[in-house]
1. What aspartates and glutamates sit close enough to LYS83 to cross-link, taking a C-alpha to C-alpha distance under 19 Å and skipping anything fewer than 8 places away on the same chain?
2. Gain in length, ASP332 to ASP317, computed as 0.36 nm per residue apart minus the alpha-carbon separation, to one decimal in nm?
3. Under 18 Å from the Cα of LYS43, which lysines turn up, not counting those fewer than eight places away in the same chain?
4. Can you put ARG261, ARG106 in order of accessible area, largest first, using a 1.4 Å probe?
5. Relative to the Cα centre, what is the charge dipole magnitude of the chain, using +1 at the beta carbon of each Lys and Arg, -1 at the beta carbon of each Asp and Glu, and rounding to the nearest 20 debye?
6. Length gain on complete extension for the stretch ILE114 to ILE54, per 0.36 nm per residue less the alpha carbon to alpha carbon distance?
7. What accessible area per residue comes out for the chain, rounded to a whole number of Å², with a 1.4 Å probe?
8. Of all the accessible heavy-atom surface of the chain, with the other protein chains kept in place and a 1.4 Å probe, what percent is carbon and sulfur?
Amino acid sequence: MKQVIIIRYSEIHLKGDNRSFFENLLAQNIKRVLTGFMYTLNKISGRYIITDYITADEPQLLMQLQLVFGIHSLSPGFQVKTKVDDIKAIVSKLNISGETFKVVTRRADKSFAIGSMEFSAELGGVVLRNNKDVKVDVNNPAVIINVDIREDGFTYISTVTTPGANGMPSGSSGKGLLLLSGGIDSPVAGYCMAKRGMSLNALHFYSFPYTSKQALEKVKTLAKRLSEFSGEINLYTVPFTFVQEQINKNCNKDYMIIVMRRIMMRIAEKLAAKNGCGAIISGESLGQVASQTLESITVTNALVRSMPIFRPLIGSDKQEIMDTARKIGTYDTSILPYEDCCTVFLPKNPVTRPNLDRVEKEESKLNIAELVDICVSKAEHEIIN
């Protein structure tokens, strides 16, 4: 008998001939979050099994594994040889704390002679003999005893199942450049795309002296938290003050936000292409602010042609986004009172339904290409992990 942690896949089991690619990425990501722990990771059909770990580390191991996209669920349990007497010996020692229970047997190893329902009934009898105050309830049991008979010659027994992060293994869906503002929305957008298997780079625009050093540190803290889910993040920080000053000086104030957003997208597209990213990721939610109306998004999209702009929060309301931010541990950092560059030179009446021709007329008052090139050349790079 061995004490183990059973790791069940999420969507990976749906993959065909390239399933091993996703399994190997999942293993890499498991090893990444368990750096510093002592353990052995073994792969069996449809599962990863962690053995040889220090018992006292188990709660922390489970907590770290919940950060890994691609994991459907986790169970601490026991590994025994697939022999009837050995399995019954383990089940007999289980302390069933609830008033009701049921046994669920999964027989992946079809050479095991006893059928699943029959064996569940046998094991239920073992439990009843050793736990006098419990009853069987097949519909709504307080405790489910899972008996997983696998093809590797071992059976895995558990009574607790913890949900995993689900999704796809990080790194399985290419790389995207996240526009990381420091607010509530953009870290959640990055989390959503990382959950779909995308590796993250991040781009932040800052406006010293109008924004503080603390605002930049706040963004680095958010990137650090996201890296716990997605793995290493390349963070690019771009000074944007002089661009905003040029827009404020030369353009109609009501068009400042949309012109600024379009310049940001040009810079993002260049940096993304330069660093092997196949998409730009934005935290926009339809109708939330002036720059996120249908017309504003259309005008912004019009100039990015080499890659898609992913907006995973486009149909989410603010409460849903805040709930996710709390769940993933970014909310408390995001609400720290340090302003980002989008609040600098904020107009009183920003245009909410911009016309592309009028926007391009305002942009003609600037040397856009020069501003973009300067920003790209001044981008600073830091690896966050």
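1. Within the straight-line cut-off, LYS83 pairs with ASP109, GLU118, GLU122, ASP148, GLU151, ASP152.
2. Gain in length upon complete extension: 3.5 nm.
3. Cross-link targets: LYS2, LYS15, LYS31, LYS81.
4. Of ARG261, ARG106, the descending order of accessible area is ARG106, ARG261.
5. Value, rounded to 20: 300 debye.
6. Additional length available on full extension: 18.2 nm.
7. Accessible area per residue, the chain: 46 Å².
8. The computed percentage sits at 50.
The values are calculated or read from the model by the stated rules, or taken from the named source; none is laboratory data. Being a predicted model, the structure only gives us computed values, none of them experimental. So basically every Cβ, Gly included, is an ideal-geometry build from the backbone, and we count neighbours across all protein chains shown. Side chains included, ligands, DNA and RNA excluded: accessible areas come from the protein's heavy atoms. Shrake-Rupley method; radii C 1.70, N 1.55, O 1.52, S 1.80 Å.
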